[in-house]
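J.: For reference, the structure I am asking about is given below.
The values are calculated or read from the model by the stated rules, or taken from the named source; none is laboratory data. What you see is a predicted model; the values in this text were computed from it and never measured. All Cβ positions, glycine included, derive from the backbone under ideal geometry; neighbour counts span all protein chains shown.
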Amino acid sequence: MITIPNESFESMLVTHPVLLLSSRQGRYNTLSPLVWYMPVSGDPPMLALSLKPSSMSYHYIRESGDFILAVPDDKLLKAIHFCGVHSGRDVDKISHLNLTTARGRAVSPLVVTNCLANIECRVRDIYSSGNRPLITGEVLSIIVNPNFYDREWLPQARLVYYLGGNRYRVGNETVDMSDVRPGYVPPESI
C-alpha cells in the first residue's frame, strides 16, 4: 500500500462503487456497506455520507467523530453482502469474516487491509436531512494498493456496484447474493 494525495478521493469515488464503512467506538468496531455517499469539496477534500440514525455505524461515527471508507473488490462480495444483512449488534463482523485489519493512521476505526484502498476521514458536520442525517467528513489520509489504482482504477480492480435487493454488478456480470444467509462463514482465504 502507498499513500496518495487526499485530493485523489474524487477520482477514486467517481464510478460510485460499494464501500465498506469502518467505524469504531472504544474497543468496538463495525463494518457496513455504503452506497449513499458523494464528494462535496475539493479544497479541503471532503465527502458526505448518509446513514440510518438507528445503525450502529451512525452511533459510532457520531460518538467518535471519525470513520474510514474502504474500497473492496469482488473477492469481498460475500463479505459486503454479509455486512449488509447482519447487524453489528448481533455479530462482530470483522472477526466473523476473518478480515485483516490494521490501525488507522489518523483516525480510530480499523483499516481493512483486504481492500484496495482506505480513505480516513474526520467528521466535520452532521446535518439533519429527512430521515437520514448527512455526515460530512474531511479526508485526512488515503492509502491505496498501487497494483489497482494509478490516478484512476486500473482494469484489474474489479469493483463492486450495488443494484438493489440482493443484486450486485462486477464488471459486466450481475451477481445475486440471495443464498448468503445468516451463519455464513467465509473461506479462510479472505
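J.: Residue 146 passes all but one of (1) in a loop (DSSP other than H, G, I, E, B); (2) farther than 14 Å from residue 71 by Cβ; (3) modelled with pLDDT of 95 or more; which number fails?
T.: If we test residue 146 against (1) in a loop (DSSP other than H, G, I, E, B); (2) farther than 14 Å from residue 71 by Cβ; (3) modelled with pLDDT of 95 or more, just (2) comes out false.
J.: Go through region 9-33 and give me each residue that's under 23 Å from residue 61 (Cα atoms), surrounded by fewer than 19 Cβ atoms within 10 Å (Cβ to Cβ) and in contact with a strand residue (DSSP E or B) (Cβ under 8 Å, 6 or more places away or on another chain). Walk me through how you get there before you give the answer.
T.: So in region 9-33, the residues under 23 Å from residue 61 (Cα atoms) come out as 9-10, 12-13, 16-33.
Remaining after also requiring surrounded by fewer than 19 Cβ atoms within 10 Å (Cβ to Cβ): 10, 13, 16, 25-28.
Of everything in region 9-33, those that are under 23 Å from residue 61 (Cα atoms), surrounded by fewer than 19 Cβ atoms within 10 Å (Cβ to Cβ) and in contact with a strand residue (DSSP E or B) (Cβ under 8 Å, 6 or more places away or on another chain) turn out to be 10, 13, 16.
J.: Could you list all residues from region 54-93 that are surrounded by fewer than 16 Cβ atoms within 10 Å (Cβ to Cβ), modelled with pLDDT under 90 and assigned to a loop (DSSP other than H, G, I, E, B)?
T.: 87, 89, 90, 92
J.: Could you list, ordered by first residue, the pairs with Cβ atoms under 8 Å in which the first is in region 14-28 and touching a residue at least 60 places away in the same chain (Cβ under 8 Å) and the second is hydroxyl-bearing (Ser, Thr, Tyr) and loosely packed, with under 11 Cβ neighbours inside 10 Å, at least 6 apart or interchain?
T.: Filtered contacts from region 14-28: no entries.
J.: If you go through region 94-104 one residue at a time, how many are surrounded by 21 or more Cβ atoms within 10 Å (Cβ to Cβ) and either among the charged types (D, E, K, R) or touching a helix residue (DSSP H, G or I) at 6+ places or on another chain (Cβ under 8 Å) (or both)?
T.: The qualifying residues number 2.
J.: Another question, then. Across region 36-53, what is the number of residues that are in contact (Cβ under 8 Å) with a residue 60 or more places away in the chain, in a loop (DSSP other than H, G, I, E, B) and not basic (Lys, Arg)?
T.: Result for region 36-53: 4.
J.: Restricting attention to region 76-89, does a residue exist that is without any contact (Cβ under 8 Å) to a residue 40 or more places away in the chain and under 15 Å from the mean Cα position of the chain (by Cα)? Explain how you work it out, then say what you get.
T.: Taking region 76-89 as the starting set, the residues that turn out to be without any contact (Cβ under 8 Å) to a residue 40 or more places away in the chain are 87, 89.
Subsequent filtering for residues that are under 15 Å from the mean Cα position of the chain (by Cα) retains none.
No; the residues of region 76-89 include none that is without any contact (Cβ under 8 Å) to a residue 40 or more places away in the chain and under 15 Å from the mean Cα position of the chain (by Cα).
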